[in-house]
Amino acid sequence: MEMVVRGKRYTAAEVALLAGKKSNRALARKLGRSLHSIRKKRSLLHIRLLKSWLPEDDKVLGTRPDAQMALLLGRPLYQVSHRRRQLGIPCHYEHQPWTPWELELLGVKPDAEVARLTRHPLKAVRAKRQELGRPKPDQVMDYWQPEEDQLLGTMPDAEVAKKIKRSTVSVMKRRLRLRISNRSPARHVWTQQQTALLGTMSDRLLAEQIGCPEYVVTFKRRTLKIIASRPQISPTLNSQPRTTNHEPRTANHEP
């Protein structure tokens, strides 16, 4: 049983051995150190153990996927891919080639059914069909009604989408396609005239005039540190100061 040295510094001779081509396990046995210590020291010294490529290793590159070759050769995947590209060897694809009868199914049957029959991935079926320029056979065309188009631009896209039960992205694309400006954007764009009115009247009244929610006006006024306008209270009878008449009391003394 070999003794494993713990906490001992590496000597110059041991560092020279680390820069060699011996494996971590072989050095650990020779130096009497743990495998973790050898790996950590080589990592700190930026020493990578590169296994030389043999002619028989180069011959098998490209015959199988790089992931399988990495397992068979006992090398990292990036080394196998780099070596194959360096030698100009084409990659061995894992996907099976398309046969003529499989291509005839594209655009005729749904993509999910074609994937089930041909055992191609669904993404591969969709990509191949689009490459051939064939439309999707089971697509649902949801046409826009004239009354739906009339709502575009009259309110924020999110409100229109909620009202006609469509997505916000679909409403925005439809409005841009028809070149309809968003007359009621979700974010209010302040003009200089509107900003000058902040604090001159109540937030609720200003919000009604410029056509935006009251909280937008309040947030804008607080951001600019403008004091809110206080409503003027007209004098009423109840608000008049109460005056008290103190009459001198006369003491009634009976004789």
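Numbers at a glance
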quantity: FRET efficiency, Ala228 to His36 (Cβ-Cβ, R0 51 Å, nearest 0.05); calculated: 0.15
quantity: Summed residue charge, Cβ within 9 Å of Lys136's Cβ, Lys/Arg positive, Asp/Glu negative; calculated: +1
quantity: Gained length - Thr195 relative to Glu56, 0.36 nm times residue gap less alpha-carbon distance; calculated: 42.2 nm
quantity: Cβ-defined net charge surrounding Met172, 11 Å radius [Lys, Arg +1; Asp, Glu -1]; calculated: +4
quantity: Cα lying deepest toward the dipole's positive end in the range 10-64, options Gly20, Leu31, Val60, charges on Cβ; calculated: Leu31
quantity: Extension reserve of the Ser167-His82 stretch, reckoned as 0.36 nm per residue once the Cα distance is removed; calculated: 26.0 nm
quantity: In nm, spacing of pseudo-spin labels at Ser202 and Tyr143 (7 Å Cα→C-beta vector); calculated: 5.0
quantity: Candidates per chymotrypsin sites (Phe, Trp or Tyr not before Pro) in the range 30-117, loop by DSSP, up to 11 other Cβ within 10 Å; calculated: Tyr93
quantity: DSSP-assigned coil residues among trypsin sites (Lys or Arg not before Pro) in the range 54-147, each with at most 16 further Cβ atoms within 10 Å; calculated: Arg119
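Read-outs throughout are calculated quantities, based only on the coordinates presented, and are distinct from any laboratory measurement. The model shown is predicted, which means the values in this text are computed figures rather than measured ones. Reconstructed Cβ throughout: ideal geometry from the backbone, glycine too, with neighbour counts over all protein chains shown.
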